[in-house]
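Written out below as structure tokens is the structure these notes cover.
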Amino acid sequence: MSRPTEENSAVYIDVAIAKIGESYARYRLIRPHSESSMFKSVRRFGQLTPVVVDAEKGGGHEMIDGFKRLRALRQLNRETIRAKVMEGRPRTLKAAMIQLNREVHSMGSMEEALLVQSLYREEGLDQVEISALLGRDKSWASRRISLIEKLSEEVLEHLRLGLISPTQGRELTRLPRGNQKDALDTVLKHRLSTRETRRLVSMLIDNPRCSHEKVLWLPLE
């Protein structure tokens, strides 16, 4: 790691990419188009803005913000990344992930939900504490927690990997968790669009259980 430098009163460091962990990446969703755009930008112009990492622990850092830039630099076999260090407990860093992306609107409701649920389930904060930490009202926190907890693990994993869109994931929350896997399999098998996914879910809701097998087998007819 190089010595820190000051730019506009903020301190930045160059961190060895090999020493950066991505345990917080599970709260962000991969969007293939955005990943591709970032890779092209970094390849052409280099890293234009610093990422944010936590304070060094055990000889390494955890990425807090800038996952697409990190993955792009790794693909390009770069050895270091320009970063700003942020100190704090996990709850503070998770809250920062939302705050850092709020002004640029680069975090969707599903990602916010993942972080809010983590603050609730993993950090032990109640909804009032979460709303105060994030500068939102309690109903906002409640809606985010409810959104993510309606999802089955299979749907959630496909969301994280970018295999379905956040909008498709939201549509699938209209189904009971136990019925989401069959609908997900149909969405993937037939490569359904968001609109087609919405129609599939509506048909499953509106039709009796005995007709679901046919709907799932021929969703476009």
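The values are calculated or read from the model by the stated rules, or taken from the named source; none is laboratory data. Since the structure is predicted, the reported quantities are computational estimates derived from the model, not experimental observations. Please note: Cβ atoms are built from the backbone with ideal geometry, for glycine as well, and neighbour counts cover all protein chains shown. Quick note on the areas: whole protein, heavy atoms, side chains included, nothing else; ligands and nucleic acids left out. Shrake-Rupley method; radii C 1.70, N 1.55, O 1.52, S 1.80 Å.
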Residue 106 in a loop (DSSP other than H, G, I, E, B), under 25 Å from residue 166 (Cα atoms) and polar (S, T, N, Q): yes
Of all residues in the range 35-75 being among the hydrophobic types (A, V, I, L, M, F, W, C) and surrounded by fewer than 13 Cβ atoms within 10 Å (Cβ to Cβ), which is farthest from the chain's Cα centre (by Cα)? 45
The lone exception for residue 125 - which of (1) under 18 Å from residue 25 (Cβ atoms); (2) buried (at least 16 other Cβ atoms within 10 Å of the Cβ); (3) among the aliphatic types (A, V, I, L, M) it fails: (1)
For residue 96, are the conditions met, namely being in contact (Cβ under 8 Å) with a residue 12 or more places away in the chain, of a type outside the set (Phe, Trp, Tyr) and closer than 27 Å to residue 129 by Cα? yes
Could you figure out which of (1) at pLDDT below 95; (2) surrounded by 18 or more Cβ atoms within 10 Å (Cβ to Cβ) isn't true of residue 9? (2)
Might you let me know whether the range 180-199 holds any residue that is closer than 28 Å to residue 94 by Cβ, open to solvent by less than 10 Å² (accessible area, probe 1.4 Å) and not in a loop (DSSP other than H, G, I, E, B)? yes
Flag if residue 137 is over 30 Å from residue 96 (Cβ atoms), open to solvent by 40 Å² or more (accessible area, probe 1.4 Å) and not hydroxyl-bearing (Ser, Thr, Tyr): no
For the range 155-173, indicate whether the set of residues that are out of contact with any Ser or Thr (no Cβ under 8 Å at 6 or more places or on another chain), hydroxyl-bearing (Ser, Thr, Tyr) and not in a helix (DSSP H, G or I) is non-empty. yes
Among 124, 88, 135, the single one that is at positive phi and modelled with pLDDT of 95 or more is 124
